[in-house]
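Following: one structure in structure tokens, then a few remarks.
The values are calculated or read from the model by the stated rules, or taken from the named source; none is laboratory data. These figures come from a predicted structure and were not determined experimentally. When we count neighbours, we look across all protein chains shown, and the Cβ atoms used for this are built from the backbone with ideal geometry, even at glycine. Note: accessible area is taken over every heavy atom of the protein model, side chains too, but ligands, DNA and RNA are not part of it. Shrake-Rupley method; radii C 1.70, N 1.55, O 1.52, S 1.80 Å.
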Amino acid sequence: MGFKIIPESECTKKIATANGRCQIQALPAMTVIRQPHFTVLPQNPVGASMYYIQPVRAFPVWDDTGNASWQLEAEEIYESNGRQDPLYQEKHGVLCGITAAGKDVELTNFTIKLLKKIINYVSRGQDAISTYIIEIDKTDDNQQRFLEIDEAEFGNLGRVVRKKYPELFISNKMSDSFSKYLADVAADDADVSVEKNIWYRGWTDITGELIYSFGTGKLFDKINKSLQESVFKAGFGFLKVGDYSPEIIVIWLYAHFPYVAYFFEQAGYRLQSVLFIRGITGSLKTSVAKELANVFETDQSKKMLTFGSTEAATLEKIEAMTDQTILIDDFSNSEKTKTVCDNRLFERIIRVLGDGAAPSKMGSDRKIVQRFIRTSAIITGEDDPALSLSSMLRCITVTVGRESFDGKKLLPFQQQPEIMRDYFMMFIHFLQENAEKVVNQIKNAVPIYRAQYKQEFKADRFADAAVNLRILADIIADFASWTGSYEYASEQFVSFEKKIIEVLKKNQTERESLSITSMYLIGIMQSIDTEKGLGLANSEASYVVCPSNYIGFEDTEDGRIWLDHKKAYKLVCSYWQGLAQSFTSTPKTIHQRLADEKIVVHGKTGFLQRAKKGQRQYMLVLDKNAIEKILEDKGEL
């Protein structure tokens, strides 16, 4: 019998044995000695002022070779620095816990082995979900057993095993040892193969390298480099569908936008334009757009949305289509049942894509999640949308007719959608290999081209659209060189800038001709005093005597015109209908447009102000000088 002396500073519940193993076995301390001077104490015990003595006993232990060694019999020691981990060992294909006396206690009749760790990136900006693939080895049978379990549930593996494989044994004893075994298996995953799956689309460096995800969990294989030249030429050949016209060039260039949007952001810029292809029925506008939009979607029924979709469904699709082009078909501004809804949705799409943000949503964990938006959109329709001025300037409009596209030249692309799929796949790999160069190219080119195109265009939005398309053309020219195809396409590359400017100049001219604002003001001013009830009173006092005789009144002192906004809107619609033209802008949109051009004098609660006399109705208040300036510029005064 001997004694072991332990300083108080190390006291907590713990077993100590000579071979370092531990096990719980409660025994009280025997004696307390203050300031002892035994030589068996550790040298310079820091902060030790009290020690506990417990009896220990030595006994011989023989190993497999017959050699004996002395081992102290374990008794409980109270030590303050925490308990050592419980013990276990894999032995003869089973898992054993080790008792205080060094005896084995069978915990399971099997052992486990990590085969693979799968990391799933489900949603952009949210934590990944990791899963283990486990092999369960029971040596006394030849049955293969596997288990897939989330990393967060790994500590509950015993419960899962019992449920799936009830024939396996798991002891209820020494649960700490089994938990420690599971923790050690999970921690020892350095040599385990790791599979990373990304379930959202677009560019990401979440795995440590820049990759483009297709939202399928797997990455597409790279195209054989020996095919680079032929793949580029086939994709470039799409321009023949429109005979290299300015319209087909801008449409084709725009289809590249989603793949370079990430690099523009890295350079500190954002693409903010939506492409609107306007054309009559039979112009093949939708057929052409379908071959360039959402090219990696093989299910044709999912390739596009229509303006019959709800706003919520459209936003969900836009968010899911990160770094892809979404096609939204069938915009109408002439069908009475669709006009308001279509214009509202068109406006919403432009705002969402231009700002890169949409209303937040509820995540799978019931937490509010901000949507991530980096998508391009091609919209097709027959009518001009009635948009606010800022939205109109974010919209690149390409007008096409029945002669614009050749259906026979389009047919091969419809029959073999892999032509454009392979082309854009190759473009993605080019961007991936040249990421840093592309970002620097954008950084250097933007200020140069912006200074140049601000001289060409009156509106900064059109200048920026020209800058983006021109840089995109430069990147595609480098892509052609990368594939060894530059000489093949060089003649067309030279003409790209001229054709980009031609399309955007047409856009500028259209915006300058008769905007919705101009139409509204012309309709008002040309209709005043044309019949009873459409007069403009010379003061508010005169107006309130008989409001039905007037459309509003003029405040000559402040230079403002107060209008009954409902009567004014009906008047404008009637005026243009009489000229065989439609005025389809909604009251809310026209009020916003008037405000954008600083024609509306804002009230405290919005675009309308409350009159001071009479029934004090809410009226639209316009700046008379601003009206006269706009109409004078249009030659209407």
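Overview of values
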read-out	value
Enumeration of residues in the range 128-161 that are in a loop (DSSP other than H, G, I, E, B), of a type in the set (Lys, Arg) and open to solvent by 80 Å² or more (accessible area, probe 1.4 Å)	none
Residue list for the range 89-114, restricted to those being farther than 22 Å from ASN172 by Cβ and open to solvent by 60 Å² or more (accessible area, probe 1.4 Å)	LYS113
LEU631 being farther than 14 Å from GLU540 by Cβ and outside any helix (DSSP H, G or I)	no
The range 587-614, subset modelled with pLDDT of 80 or more and in a loop (DSSP other than H, G, I, E, B), residue farthest from SER515 (Cα to Cα)	LYS613
Unique residue being within 23 Å of TYR259 (Cβ to Cβ) and touching a helix residue (DSSP H, G or I) at 6+ places or on another chain (Cβ under 8 Å) when the list is ALA480, ALA459	ALA480
Residue check, SER287 of a type outside the set (A, V, I, L, M) and either at pLDDT 75 or above or surrounded by 17 or more Cβ atoms within 10 Å (Cβ to Cβ) (or both)	yes
Output for the range 95-127, where each listed residue is touching a residue at least 24 places away in the same chain (Cβ under 8 Å), within 30 Å of ARG371 (Cβ to Cβ) and in a loop (DSSP other than H, G, I, E, B)	VAL122, SER123, ARG124, GLY125, GLN126
ASN444 of a type in the set (S, T, N, Q) and either open to solvent by 70 Å² or more (accessible area, probe 1.4 Å) or more than 30 Å from ILE211 (Cα to Cα) (or both)	yes
Residue within the range 308-326 that is modelled with pLDDT under 85 and in a strand (DSSP E or B) present	no
Residue list for the range 615-629, restricted to those being open to solvent by less than 100 Å² (accessible area, probe 1.4 Å) and within 18 Å of SER515 (Cβ to Cβ)	LEU620, LEU622, ASP623, ALA626, ILE627, GLU628
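Rundown of residues vs (1) at pLDDT 90 or above; (2) of a type in the set (D, E, K, R), yes/no style:
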| position | (1), (2) |
| --- | --- |
| THR207 | no, no |
| TYR212 | yes, no |
| THR216 | no, no |
| ASP221 | no, yes |
| LYS225 | no, yes |
| GLN228 | yes, no |
| ALA234 | yes, no |
| LEU239 | yes, no |
